[in-house]
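Taking it in order: structure first as structure tokens, then the write-up.
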Amino acid sequence: DAAKRAERRTVIRTLVDEGGRLIDTAPSYGRAENTLGDLLTEMGVRDRIFLATKVRATSSRDACIAEMQESLKRLRTNKLDLMQIHNVGFRDRAETTAQLALLREWKAGGVCRYIGVTHSQDQQSANDRLVDLMQREKLDFLQVNYSMAERSVEQRVLAAAADTGTAVLTNLPFARAQLFGAVRGKPLPAWAAEFDATSWGQFFLKYLLANAAVTCVIPGSDKPEYMADNLNAGRGRLPDAAMRRKMVDYINALS
């Protein structure tokens, strides 16, 4: 769709011009890799983007290599900033270990700068497994769901990431619009000005950014005005620990 493609181009331009860098994708996200590769090439901004994608294939080493090579082709690049194993939460331990060994080979060969894993299930058993994985393996990055509506990683997982020096990407910061639904029609509390939040989106994002274990938040913006608003969450003051507790109490009181 030409109109949507043009809009996505403007989203990327807004990201780059306003100081953002990271774009996270995956071969399972429809035509995302193809479209992203085309746009970054057309715009000449590949060198200004921290590009992350994922590998899901588990059947064999050759299948993993083929999937990663196809991602490089679709993204129109010969190097990635981050390659992640997609959704490791309940995978076989030996399978994950073998895939990480392959990713390390790619890292040693200069194809990717960093390696990591992603996880998207909000279950304690999976969180325990992530902690074990970070403590057992040398991971550069971990990607998890984290929002004011989904905080199961907030204690052990993020603490383990800090202890092991693992960078953290957090996705679904708005809990698939659940948080916006909770505050629909409600004005931003006056005390949000104490940490320079001027929109509900910034309110939700600043809560996450204020956690010292969080490296980058991925809002999944698809409109330039949303991108600009989200980027402003990274500017100005962030809430301290006491304010973050007040924010959680406020949101919990709405449900």
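The values are calculated or read from the model by the stated rules, or taken from the named source; none is laboratory data. As the structure is a computational prediction, the values presented were derived from the model and not from experiment. Here the Cβ positions follow ideal geometry from the backbone for every residue, glycine too, while neighbour counts run over all protein chains shown. Each accessible area value is taken on the protein alone, full model and side chains, heavy atoms only, with ligands, DNA and RNA left out. Shrake-Rupley method; radii C 1.70, N 1.55, O 1.52, S 1.80 Å.
Quick notes on this one:
- Among (1) free of Cβ contacts under 8 Å to residues at least 24 places away in the same chain; (2) more than 16 Å from S147 (Cβ to Cβ), the one test that A228 misses: (1)
- Any hit, the range 222-234, residues being in a loop (DSSP other than H, G, I, E, B) and among the hydrophobic types (A, V, I, L, M, F, W, C): no
- As for the range 240-247, it holds at least one residue that is out of contact with any strand residue (DSSP E or B) (no Cβ under 6 Å at 6 or more places or on another chain), assigned to a loop (DSSP other than H, G, I, E, B) and open to solvent by 60 Å² or more (accessible area, probe 1.4 Å).
- Near pairs, Cβ below 6 angstrom, 6+ apart or cross-chain, from the range 162-181 (free of Cβ contacts under 8 Å to residues at least 40 places away in the same chain) to any residue that is in a helix (DSSP H, G or I) and not β-branched (V, I, T): T164/M134
- Pick from the range 198-221, criterion part of a strand (DSSP E or B) and in contact with an Asp or Glu (Cβ under 9 Å, 6 or more places away or on another chain), ranking: surrounded by the most Cβ atoms within 10 Å (Cβ to Cβ): C216
- Qualifying residue in the range 50-58 (condition: at pLDDT below 95 and open to solvent by less than 40 Å² (accessible area, probe 1.4 Å)): yes
- Leading residue by the ranking (farthest from L102 (Cα to Cα)) among those in the range 42-64 that are touching a helix residue (DSSP H, G or I) at 6+ places or on another chain (Cβ under 7 Å), among the hydrophobic types (A, V, I, L, M, F, W, C) and in a helix (DSSP H, G or I): M43
- Within the range 153-197, the set of residues being among the small types (G, A, S) and open to solvent by less than 50 Å² (accessible area, probe 1.4 Å) comprises A159, A160, A161, A167, A175, G181, A182, A192, A197.
- Some residue of the range 63-70 being farther than 22 Å from K4 by Cα, in contact (Cβ under 8 Å) with a residue 24 or more places away in the chain, in contact with a strand residue (DSSP E or B) (Cβ under 6 Å, 6 or more places away or on another chain) and open to solvent by 30 Å² or more (accessible area, probe 1.4 Å): yes
- Assessment of the range 21-35 against the conditions (buried (at least 17 other Cβ atoms within 10 Å of the Cβ), over 18 Å from the mean Cα position of the chain (by Cα) and within 20 Å of G220 (Cβ to Cβ)) yields at least one matching residue.
- Residue in the range 112-133 that is among the aromatic types (F, W, Y), open to solvent by 40 Å² or more (accessible area, probe 1.4 Å), in contact (Cβ under 8 Å) with a residue 24 or more places away in the chain and outside any loop (DSSP other than H, G, I, E, B) present: yes
- Residue that is modelled with the lowest pLDDT [pool: residues in the range 80-111 that are surrounded by 14 or more Cβ atoms within 10 Å (Cβ to Cβ) and among the basic types (K, R)]: R91
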